[in-house]
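Data block below; observations after.
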Amino acid sequence: MIITEKTAVVTGAGSGIGQAVAVELAERGVAGLGLVDSSENVLKVARAINDRLERPIAEALIGDVTDAGFRTHAFDLITDKFGVPTICVPCAGILRDQLAVKMDHQAGKARVYPIEKFREITEVNLTAPTYWALETIARIAEDRHRRGKSSWSPDEDVQGTIIFIGSVSSHGNTGQVAYAGAKAGLEGVAATLAKEAMYYGVRCAVIHPGYTDTPMVRALGDDYIKKNILPYTQLHRLIAPAEIADAIYFLICNSAVSGQLWADAGWHPTA
């Protein structure tokens, strides 16, 4: 898939992998970028991209990715400004790490992972990216209908690409029962949409980053990173967001690649 003259939507674009993906797509020639984040920092990201390229290709939208009304508004605005989005990379995510069951020996009670946290994690890391992807597919389907097209033909170019952000934690990781479950769930979503969305010419894939140098990972603390992450990677450092963004660009452009790509620097979950 050639991304020039295409419109892309990136959530979580205010920092980390989302910001790196936004910069990567802009420098690779995408025609329009909808950059979504709950933080006002996304305004700076959009401004920096537009200033660097000396043309207004990036539009920042601040809001809650779990809000259906905001999602619809964002797609409407992006479509009006740049055209129907055909690339979607929903990067927004959160961590709420805690052991699934932890014994309070003093009280003699076992404390289970709070269901409120579980729901929050799955809403942001599983439900939201799924529905940003579905919105993208729906807009492409509607656009094809307006142009008198129904099922996609291999004689056409690929019409769109969805890249989900999984995680090495999808194989299970201590303290991440909700996060690992949500990321593993994306594998099933992507596999299903890969079958369904190709009717409209839309590809779906998942990238599983290892520990990447993002604010979310840095929040784990330097001591944790030095003791529990770096010694178990081939690179002995955190992965750069730009490295993940480059891999995502590869997934978008190479239509022969499907399924999942592991960008883990050799790190795997341990007991």
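The values are calculated or read from the model by the stated rules, or taken from the named source; none is laboratory data. Predicted, not measured: the structure shown is a model, and the values here were computed from it. Cβ: placed from backbone, ideal geometry, glycine included. Neighbour counts: every protein chain shown. Note: accessible area is taken over every heavy atom of the protein model, side chains too, but ligands, DNA and RNA are not part of it. Shrake-Rupley method; radii C 1.70, N 1.55, O 1.52, S 1.80 Å.
Observations
- Scanning segment 94-153 for residues that are among the small types (Gly, Ala, Ser) and either surrounded by 16 or more Cβ atoms within 10 Å (Cβ to Cβ) or at positive phi (or both) yields a count of 5.
- Filtered residues of segment 80-139 (kept if touching a Pro at 6+ places or on another chain (Cβ under 8 Å) and among the charged types (D, E, K, R)): Arg139
- From the options Glu54, Glu40, residue that is more than 19 Å from Thr136 (Cβ to Cβ), touching a Gly at 6+ places or on another chain (Cβ under 9 Å) and surrounded by fewer than 22 Cβ atoms within 10 Å (Cβ to Cβ): Glu40
- Of the helices (runs of 4 or more DSSP H) lying entirely inside segment 162-266, those carrying at least 2 residues that are open to solvent by 10 Å² or more (accessible area, probe 1.4 Å) and either basic (Lys, Arg) or within 30 Å of Arg111 (Cβ to Cβ) (or both) are 177-196, 215-218, 222-228.
- Condition check for Gly175: over 15 Å from Ile94 (Cα atoms) and small (Gly, Ala, Ser): no
- Checking each residue in segment 129-148 for being out of contact with any strand residue (DSSP E or B) (no Cβ under 7 Å at 6 or more places or on another chain) and not basic (Lys, Arg) picks out Thr130, Tyr131, Leu134, Glu135, Ala138, Ala141, Glu142, Asp143, His145, Gly148.
- Residue ID - nearest to Pro215 (Cα to Cα), chosen from residues in segment 92-111 that are of a type outside the set (D, E, K, R) and free of Cβ contacts under 8 Å to residues at least 40 places away in the same chain: Val101
- Criterion: among the small types (Gly, Ala, Ser) and farther than 19 Å from Gly93 by Cα - qualifying residue of Ala22, Ala68, Ala13, Ala46: Ala46
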